[in-house]
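The next block holds one structure in the form of structure tokens; read it before the comments.
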Amino acid sequence: AHCVPSYDLVYDALGQRRRSGVVSLIVLPRVDSEAPKPDKALLELVRAHVTGCAATGIEVRVVSPHYVPVNVVVHVILQPDAVPAEVTKTIQSEISRFLHPVTGGLDGRGWRIGQYPPKSSLHSRIMKVPLVHHILGLSLDVADESTSYVRSGFFNVCSGTHQIHCQPRSAGWR
């Protein structure tokens, strides 16, 4: 869970207005789905527990994370003996694993609320894929409708749509 004091994320999901006397909790369950959301029973259980512990007069709001799918485009040069379809599949798996909200991230412990993945870390992961010689280009972006959530800081990343372009290394390259 991630605590957001002074914001009511139930009625103001982008956190555009501070409100005293309110605390919001963003609950991220530890499950394997690509964008795990807590069910209503878990949200109510958390709300009831935290409300019981909160100071008198504090309103507790408990919400699911808002996921921002991160789209990746990568152009890779392969070793001469590589099978492009197999390397593409491995890179796709590595990107999805890296962007998983619960088990991905820089240390395999997931992404913090509001944390955007650094391109350099994904670059390093792709370079470790067997038979990748080098990366010509790598970009990460989000759909236009998600940019306001990224600016708000009240989001969690998940794997989006990826384009992986693999080409064999030319014979003259070293």
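The values are calculated or read from the model by the stated rules, or taken from the named source; none is laboratory data. Owing to the predicted nature of the structure, the values given are computational and were not obtained by experimental measurement. With ideal geometry, Cβ positions are generated from the backbone for all residues, glycine too; neighbour counts draw on all protein chains shown. When the accessible area is computed, the model is the full protein with side chains, heavy atoms only, and any ligands, DNA or RNA have been set aside. Shrake-Rupley method; radii C 1.70, N 1.55, O 1.52, S 1.80 Å.
Brief remarks on what is shown
- Degrees separating the helix 84-99 axis from the principal Cα axis of the chain, which is the longest one: 20
- Packing-based ranking of 79-86, 33-40 yields 33-40, 79-86, ordered from highest to lowest mean Cβ neighbour count within 10 Å.
- Relative frequency of Cα-Cα separations exceeding 26 Å in the chain, percent: 41
- Accessible area per residue, Å², the chain with all protein chains present, probe 1.4 Å: 57
- Only helices enter this figure: runs of n ≥ 4 DSSP H residues, each worth -39500 (n - 2.57), summed and divided by the residues of the chain, yield -8000 deg cm²/dmol at 222 nm to the nearest 500.
- Selected from 114, 158, 35, residue furthest toward positive end of dipole (the chain; charges at beta carbon): 114
- Sparsely packed loop sites in the stretch 1-109 (the chymotrypsin sites (Phe, Trp or Tyr not before Pro) outside DSSP H, G, I, E and B with at most 16 other Cβ atoms within 10 Å) comprise 11.
- Per residue, the average separation of C-alpha pairs within less than 8 Å and at least 6 apart gives the stretch 7-123 a relative contact order of 22 percent.
- Atom-type composition of the exposed protein surface of the chain places 52 percent of the accessible area on carbon and sulfur (1.4 angstrom probe).
- FRET efficiency for the residue 81 to residue 119 pair, using the beta carbon distance and R₀ = 25 Å, is estimated at 0.35.
- Estimated distance in nm for a label pair at residue 151 and residue 20, the labels positioned 7 Å out from Cα along Cα-to-Cβ: 2.8
- Reducing the stretch 27-52 and the stretch 121-174 to their Cα centroids gives an inter-centroid distance of 30 Å.
- Here the stretch 120-174 is assigned +1 on the Cβ of each Lys and Arg and -1 on the Cβ of each Asp and Glu. Its dipole about the Cα centre then comes out at about 420 debye.
- Restricting the chymotrypsin sites (Phe, Trp or Tyr not before Pro) of the stretch 106-174 to loop positions (DSSP other than H, G, I, E, B) with no more than 11 neighbouring Cβ atoms within 10 Å leaves 173.
- Counting only alpha carbon atoms, the long axis of helix 40-53 and the longest principal axis of the chain meet at about 50°.
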